[in-house]
Amino acid sequence: MSIVTLKGQNSEQRGYALILTLMLIVLLMGLLAAYSSISNLEMATTKYSKANSSGFFAAEAGLNIRAEAIRSVFVGFNRPTGTSPAATAPCTGSNNGTGEFICRNYTFNNRNVVTYVEEDASNPVILTIPPGERYQYLNAQEYRYTVTSLSKKSTATEADLGLRFKTRLVPLFQFAAFYNKDLEILPGPTMTLSGPVHTNGNLYLYSSSATLTISGQVTAAGDIYRGRKDGSITPSCNNQQVYVYDPAAARSLIPSCSSRRLVSANDVTAWNGMIQQNVQPLTVPGPEIFDPNTGSIYWDRADLRLALVLNSSGSVVGVQVKNVDGSNNTSASTTLNACSGVVSSRAVGTTTIWNFREDASIRLLDVDLLGTLNCLRSSNWFGTGKLISDTTDGGLVFHLTVSGPNSTARPNTYGVRIRNAQRVYSSQSGAPAVRGLTVVSDQAAYIMGDFNSTNKIPVAVMSDSLNILSNAWNDANSSAAISSRVASSTTINAAFLAGTDVTGGNEGASGHGGVYNGGLENFPRLHENWSGRNLIYRGSFVSLGTPRRVDGAWGAQSYDPPNRDWNYDTSFNNAANLPPITPRFVYLRQELFVRDFDG
């Protein structure tokens with residue numbers, strides 16, 4: 001009996017074990033099915049997420065390309081034009097828009113990216129940049145745009161992005177000093193700059209004995225240093241002070257240092273954003289915009305184009321009024337050459353002076369500005385009916401150049417001179433007032449005597465390099481000893497844009513040391529003994545690069561410095577007082593970013 005009992009117990013145990021085993025198998029199969037389901041879900045999710053991210057980044061690239069394209073149009077002194085596609089089914093069939101707002105397709109990550117642009121109906125808005133922002137208090141034109149970018153794989157939309165941004169155009173002549181490279185402000189006598197200062201390179205602040213005061217915002221795309229860039233003088237800052245407003249009161253920036261000192265972020269905390277370094281570089285036009293070629297804005301839009309033409313041997317052919325295609329306007333040239341100047345026999349002509357810095361005799365296109373404006377008035381602007389009071393582009397634009405052997409070479413021995421310009425007007429009876437004047441040249445410019453010092457109007461001189469000759473200048477003494485080149489006090493009211501040298505010799509070269517470039521205080525090149533004389537200047541200093549036509553070093557000049565009564569012309573703070581076609585920088589500000597993902 002006991003054996004039978006034992007057999008029954010074993011059979012029952014085996015049955016339980018079988019059932020347990022089957023249950024475990026079912027459970028494992030369930031777990032395996034769940035794991036497989038989860039894995040498939042995770043793989044699908046990962047695949048979807050990867051596709052979603054790829055679609056997003058592709059669409060984002062489309063946004064960036066279209067926003068940059070809008071900005072580049074403004075950099076070229078134009079405004080985007082065209083029509084956007086209609087809101088219903090944009091970029092479908094013939095609904096594509098036109099011009100800069102048209103639908104454009106791109107391919108990124110095997111995705112088709114469809115983009116288009118819409119313009120805000122309120123464009124443009126004139127504003128003053130709010131306090132606390134970079135470039136605060138400057139006037140700007142602001143344009144708003146919205147870019148839409150859709151990323152598609154096959155026919156499915158993976159990402160739908162929208163970017164609304166502001167394009168701001170800020171005139172360069174609203175800066176006391178604006179350099180597209182390293183800027184050194186190293187005055188001997190006391191200097192005050194009552195406007196903002198910006199450099200796309202490094203900024204060096206130093207004063208040999210007195211003080212330098214800047215009341216505007218100071219920004220640098222590179223670093224800011226207290227001390228000199230070159231190594232010719234021990235670059236300490238113990239015996240001089242640099243003050244920058246915070247903005248309510250002037251603070252001394254690192255009042256004591258034994259050697260050149262890199263300004264840190266902690267050093268400028270107390271200035272409440274009035275001193276900023278390592279900011280985004282600003283995009284500005286290059287010096288080629290001054291070239292006498294079709295397609296260059298100042299040549300194309302000039303009201304008067306004058307060229308001193310030389311033959312292949314360098315002999316003078318004559319002064320010609322040029323058409324926009326570069327051809328000689330024969331009748332206008334004849335009329336202008338027959339016009340009398342006010343302090344000379346002709347309104348336009350040529351002369352030669354010696355330049356010690358270039359160690360060369362310089363052939364000049366010589367323009368008696370008052371005589372030329374009188375001629376334009378009396379000849380009814382060569383019979384065209386144009387008025388000297390024209391307000392297109394804000395006033396008159398004159399392009400002056402020299403066309404001769406090696407006139408586009410560096411170095412060359414040419415230049416243009418403006419004289420008899422104490423007042424920018426026509427003395428002809430009943431002549432209307434000149435609204436503004438911008439004189440542009442791809443060659444070195446020379447300003448002789450008082451310039452725009454009486455009944456001041458918005459005026460600018462933009463050239464390869466900028467030279468000042470005083471009221472006492474005499475061409476016959478240009479090659480004589482400095483004792484025979486004694487200046488007299490002179491007043492100039494004009495914005496300056498010209499090439500300036502770089503300490504160290506090469507633009508973009510890193511490091512310190514090298515030959516000193518003269519600093520901001522030697523932006524205008526001088527050629528006389530100015531000792532004890534005043535050079536009074538109100539304007540704006542802008543340098544977009546190094547000269548392309550002259551290469552004489554600052555140290556080769558023959559001059560004694562003046563009493564520099566220099567400052568920013570605060571009337572430029574009002575955009576209505578800026579010279580015609582004032583160059584500008586362009587930057588974007590994002591206002592709204594929207595994204596919508598579809599499965």
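The values are calculated or read from the model by the stated rules, or taken from the named source; none is laboratory data. These numbers were taken from a predicted model, which means no experiment stands behind them. Virtual Cβ from ideal backbone geometry, glycine too; neighbours counted across all protein chains shown. Just the protein is used for accessible areas: all its heavy atoms, side chains included, with ligands, DNA and RNA removed. Shrake-Rupley method; radii C 1.70, N 1.55, O 1.52, S 1.80 Å.
Among the listed residues C91, C103, identify the single one that is at pLDDT 90 or above, open to solvent by less than 40 Å² (accessible area, probe 1.4 Å) and at positive phi. First the steps, then the outcome.
Numbers: C103 fails: at positive phi.
From the options C91, C103, the qualifying one is C91.
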Search result, residues across region 404-415 that are surrounded by fewer than 18 Cβ atoms within 10 Å (Cβ to Cβ) and either modelled with pLDDT of 95 or more or not small (G, A, S) (or both) = P405, N406, T408, R410, P411
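Considering region 180-204 alone, what residues qualify as being outside any loop (DSSP other than H, G, I, E, B) and either under 17 Å from F585 (Cβ atoms) or open to solvent by 10 Å² or more (accessible area, probe 1.4 Å) (or both)? First the steps, then the outcome.
Step one: of region 180-204, the residues outside any loop (DSSP other than H, G, I, E, B) are 183-185, 191-193, 197-199, 203-204.
Passing the criteria: L183, M191, T192, V197, H198, T199, L203.
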Among residues belonging to region 323-338 that are over 33 Å from the mean Cα position of the chain (by Cα) and in contact (Cβ under 8 Å) with a residue 12 or more places away in the chain, point out the one that is nearest to S426 (Cα to Cα).
-> L336
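Looking at region 77-88, which of the residues that are small (G, A, S) and open to solvent by less than 60 Å² (accessible area, probe 1.4 Å) is farthest from T148 (Cα to Cα)?
As a first pass, look at region 77-88 and keep what is small (G, A, S): 82, 84, 86-87.
Still in the running and open to solvent by less than 60 Å² (accessible area, probe 1.4 Å): 82, 84, 86.
Working: G82: 16, S84: 11, A86: 13 Å.
By that ranking, first place goes to G82.
Is at least one residue of region 304-322 closer than 29 Å to R548 by Cα, within 19 Å of the chain's Cα centre (by Cα) and polar (S, T, N, Q)?
The first filter runs over region 304-322 and keeps only residues closer than 29 Å to R548 by Cα, leaving 304-322.
Adding the requirement that they be within 19 Å of the chain's Cα centre (by Cα) leaves none.
Looking through region 304-322, none of the residues is closer than 29 Å to R548 by Cα, within 19 Å of the chain's Cα centre (by Cα) and polar (S, T, N, Q).
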Determine whether F585 is in a strand (DSSP E or B), crowded, with 18+ Cβ neighbours inside 10 Å and in contact (Cβ under 8 Å) with a residue 40 or more places away in the chain.
-> yes
Which residue out of G349, G371 is in contact (Cβ under 8 Å) with a residue 24 or more places away in the chain and part of a strand (DSSP E or B)?
-> G349
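For residues that are outside any loop (DSSP other than H, G, I, E, B) and open to solvent by less than 40 Å² (accessible area, probe 1.4 Å), tally how many sit in region 568-578.
In the first step, residues of region 568-578 are kept if they are outside any loop (DSSP other than H, G, I, E, B); the result is 568, 570-573, 575-577.
Narrowing the set further to residues that are open to solvent by less than 40 Å² (accessible area, probe 1.4 Å) leaves 568, 571-572.
Residues that pass the stated criteria total 3.
With respect to F74, is the statement that it is of a type in the set (F, W, Y), over 13 Å from T167 (Cα atoms) and either open to solvent by less than 70 Å² (accessible area, probe 1.4 Å) or without any contact (Cβ under 8 Å) to a residue 60 or more places away in the chain (or both) true? Break it down stepwise before answering.
Numbers: of a type in the set (F, W, Y): yes; over 13 Å from T167 (Cα atoms): no; either open to solvent by less than 70 Å² (accessible area, probe 1.4 Å) or without any contact (Cβ under 8 Å) to a residue 60 or more places away in the chain (or both): yes.
For F74, the condition - of a type in the set (F, W, Y), over 13 Å from T167 (Cα atoms) and either open to solvent by less than 70 Å² (accessible area, probe 1.4 Å) or without any contact (Cβ under 8 Å) to a residue 60 or more places away in the chain (or both) - is not met.
What residue, among those in region 90-122 that are among the β-branched types (V, I, T) and touching a residue at least 24 places away in the same chain (Cβ under 8 Å), is nearest to A69 (Cα to Cα)? Even if it seems obvious, please write down each step before you answer.
Let us first name the residues in region 90-122 that are among the β-branched types (V, I, T), namely 92, 98, 102, 107, 113-115, 117.
Going one step further and asking which of them are touching a residue at least 24 places away in the same chain (Cβ under 8 Å), we end up with 113-115, 117.
On the way: V113: 16, V114: 15, T115: 12, V117: 10 Å.
Top of the filtered list is V117.
When you check V402 against the structure, is it in a loop (DSSP other than H, G, I, E, B), touching a residue at least 40 places away in the same chain (Cβ under 8 Å) and of a type in the set (V, I, T), yes or no?
No; evaluated as a whole, the condition is false for this residue.
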Looking only at residues in region 405-431 that are in contact with a Leu (Cβ under 6 Å, 6 or more places away or on another chain) and assigned to a loop (DSSP other than H, G, I, E, B), which one is nearest to R79 (Cα to Cα)?
-> V424
Go through region 86-122 and count every residue that is within 24 Å of E142 (Cα to Cα), part of a loop (DSSP other than H, G, I, E, B) and either in contact with a helix residue (DSSP H, G or I) (Cβ under 8 Å, 6 or more places away or on another chain) or among the hydroxyl-bearing types (S, T, Y) (or both).
-> 2
Identify, please: which residue in region 416-442 is in contact (Cβ under 8 Å) with a residue 60 or more places away in the chain and closer than 24 Å to R485 by Cα and is, among those, surrounded by the fewest Cβ atoms within 10 Å (Cβ to Cβ)?
-> N420
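Regarding G341, is this residue among the small types (G, A, S) and either open to solvent by 40 Å² or more (accessible area, probe 1.4 Å) or closer than 20 Å to Q428 by Cβ (or both)? Working first, answer last.
On the way: among the small types (G, A, S): yes; either open to solvent by 40 Å² or more (accessible area, probe 1.4 Å) or closer than 20 Å to Q428 by Cβ (or both): yes.
Criteria met by G341.
Output the residue which, of all residues in region 293-328 that are of a type outside the set (A, V, I, L, M, F, W, C) and under 17 Å from L396 (Cβ atoms), is least open to solvent (accessible area, probe 1.4 Å).
Step one: list which residues in region 293-328 are of a type outside the set (A, V, I, L, M, F, W, C), which gives 293-296, 298, 300-301, 303, 305, 311-315, 318, 320, 322-323, 325-328.
Now drop any that are not under 17 Å from L396 (Cβ atoms), which leaves 298, 300-301, 303, 305, 322.
Working: Y298: 0, D300: 58, R301: 91, D303: 33, R305: 30, K322: 33 Å².
Restricting to residues being of a type outside the set (A, V, I, L, M, F, W, C) and under 17 Å from L396 (Cβ atoms), the top hit is Y298.
For region 545-599, enumerate the residues that are among the β-branched types (V, I, T) and out of contact with any Asp or Glu (no Cβ under 8 Å at 6 or more places or on another chain). Outline the logic, then answer.
Filtering region 545-599 for residues among the β-branched types (V, I, T) gives 546, 550, 570, 581-582, 586, 594.
Passing the criteria: T570, T582, V586, V594.
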Quick one: is R564 over 30 Å from R79 (Cα atoms), part of a strand (DSSP E or B), in contact (Cβ under 8 Å) with a residue 24 or more places away in the chain and in contact with a strand residue (DSSP E or B) (Cβ under 8 Å, 6 or more places away or on another chain)?
-> yes
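Can you tell me which residues in region 205-251 are of a type in the set (S, T, N, Q) and either open to solvent by less than 50 Å² (accessible area, probe 1.4 Å) or within 24 Å of Q280 (Cα to Cα) (or both)?
Filtering region 205-251 down to residues of a type in the set (S, T, N, Q) leaves 207-209, 211, 213, 215, 217, 219, 232, 234, 236, 238-241.
The answer is S207, T211, T213, S215, Q217, T219, S236, Q240, Q241.
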